[in-house]
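Student: Below are the structure tokens for one structure; questions will follow.
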Amino acid sequence: PQTSVAFRPDASMLAGAGFDGTNHRWDPQTGQLIGQPMAGHTGIVIALAFSPDGRRLASLATDGTLRLWNPDTGRELREPLAAAETSRVLAFSPDGSLLAAVSADATGQAVISTWDAVTLEVAGKPLPSVSAVVTGLSFSPDGSMLVASGANGAVEWWSLDDREESVAAAAPGAQSDVAYSPDGTFVASTGSDGVIRLWPLPGAWLELACESTARNLSAQEWVDAIGPLEDYVRHCPQFPSGVGAPPDAPTARYQR
């Protein structure tokens, strides 16, 4: 049985993988297999992704390896990378320059790592998640942000410029996947409670709050609306901090 499928962006190839640890390729017009199976994994292949230009195919398996293939020749392009055995997701950046997946740090803690999608060299410091199990990854359309969903209900954003977490929101149930809208203004997540939630971008979120309140939130309002994981900022730069908030709180950085 197949556990993951992915179309090449130009729809000229369909890739599939399954329990035997191999990746297969088909011509979607004829249904005929293309070449020999791509073998290398020793565990179940659980995720596949084509690069935006269709010249690379990434596969992730329960053996804890991430492999990069030439889909035309069926050959591996580089030595495999170590990834977390519990990792189930991977994603290419929109321009194809980065590949993101969940790996493990020296202590065994799961972190989100990014690699150069051509050389497979580490690109930037790892992004620690508040969730032990990351269930979804999505780049913003311009490639400047990365968002992740977690089994603990977390939805987290990072800026890839400074590698700092921008917002960590909490849904009431485990989140199973996450995706950016094409215009980059919202993120959608879906969870175990059967609800699809739309999250405004961190900057847009705060800007909407300023428009609706015409003042800065109080410290308690911030915790209730944004959550305790995010440091207080003045979302209305022209007004002083709200009741109970630090008077010298920094102003929000709005994403455009």
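The values are calculated or read from the model by the stated rules, or taken from the named source; none is laboratory data. From a predicted model like this one, the values you see are computed outputs, not experimental measurements. Cβ placement follows ideal geometry from the backbone for every residue including glycine, while neighbour counts extend to all protein chains displayed.
Student: Of the residues Ala209, Ala179, Ala188, Ala169, which single one is at pLDDT below 85 and closer than 28 Å to Val133 by Cα?
Tutor: Values: Ala209 fails: closer than 28 Å to Val133 by Cα; Ala179 fails: at pLDDT below 85; Ala188 fails: at pLDDT below 85.
Just one listed residue meets the conditions, Ala169.
Student: Would you mind listing the strands (runs of 3 or more DSSP E) fully within segment 14-83 where at least 2 residues are under 25 Å from the mean Cα position of the chain (by Cα), of a type in the set (Val, Ile, Thr) and crowded, with 17+ Cβ neighbours inside 10 Å? Walk me through how you get there before you give the answer.
Tutor: Details: elements: 14-18, 23-26, 45-50, 57-61, 65-69.
Passing ranges, in order: 45-50.
Student: Let me ask something additional. From the set of residues in segment 1-13 that are surrounded by fewer than 19 Cβ atoms within 10 Å (Cβ to Cβ) and among the polar types (S, T, N, Q), which is farthest from Gly40 (Cα to Cα)?
Tutor: If we take residues in segment 1-13 being surrounded by fewer than 19 Cβ atoms within 10 Å (Cβ to Cβ) and among the polar types (S, T, N, Q), then Ser12 is farthest from Gly40 (Cα to Cα).
Student: Where the second residue is of a type in the set (S, T, N, Q) and assigned to a strand (DSSP E or B) and the first is more than 24 Å from Ser93 (Cβ to Cβ) and lies in segment 3-25, which pairs have Cβ atoms under 6 Å and are six or more apart or on separate chains?
Tutor: That search, which allows pairs on different chains as well, returns Gly18/Gln2; Gly18/Thr3.
Student: Among the residues of segment 152-169, how many are under 13 Å from Gly191 (Cβ atoms) and crowded, with 18+ Cβ neighbours inside 10 Å?
Tutor: Just the residues of segment 152-169 that are under 13 Å from Gly191 (Cβ atoms), to begin with: 152-155, 169.
Keeping just the survivors that are crowded, with 18+ Cβ neighbours inside 10 Å gives 153-155, 169.
Going through segment 152-169 one residue at a time, the tally reaches 4.
Student: I'm told Ile34 meets every condition in (1) out of contact with any Lys or Arg (no Cβ under 7 Å at 6 or more places or on another chain); (2) over 14 Å from Ala117 (Cβ atoms) except one. Can you identify the failing condition by its number?
Tutor: (1)
Student: Among the residues in segment 121-134, are any of a type in the set (Lys, Arg), modelled with pLDDT of 80 or more and exposed (fewer than 15 other Cβ atoms within 10 Å of the Cβ)?
Tutor: At the first step, the residues of segment 121-134 found to be of a type in the set (Lys, Arg) are 125.
Narrowing further to those that are modelled with pLDDT of 80 or more: 125.
Applying the additional criterion that residues be exposed (fewer than 15 other Cβ atoms within 10 Å of the Cβ) yields 125.
Yes, because at least one residue in segment 121-134 is of a type in the set (Lys, Arg), modelled with pLDDT of 80 or more and exposed (fewer than 15 other Cβ atoms within 10 Å of the Cβ).
Student: Right, here's the next one. Among the residues of segment 27-62, how many are hydroxyl-bearing (Ser, Thr, Tyr) and farther than 25 Å from Ser138 by Cβ? Please lay out each step first, then the result.
Tutor: Quick first cut of segment 27-62, residues hydroxyl-bearing (Ser, Thr, Tyr) only: 30, 42, 51, 59, 62.
Right, trim to farther than 25 Å from Ser138 by Cβ and you get 30, 42.
Result for segment 27-62: 2.
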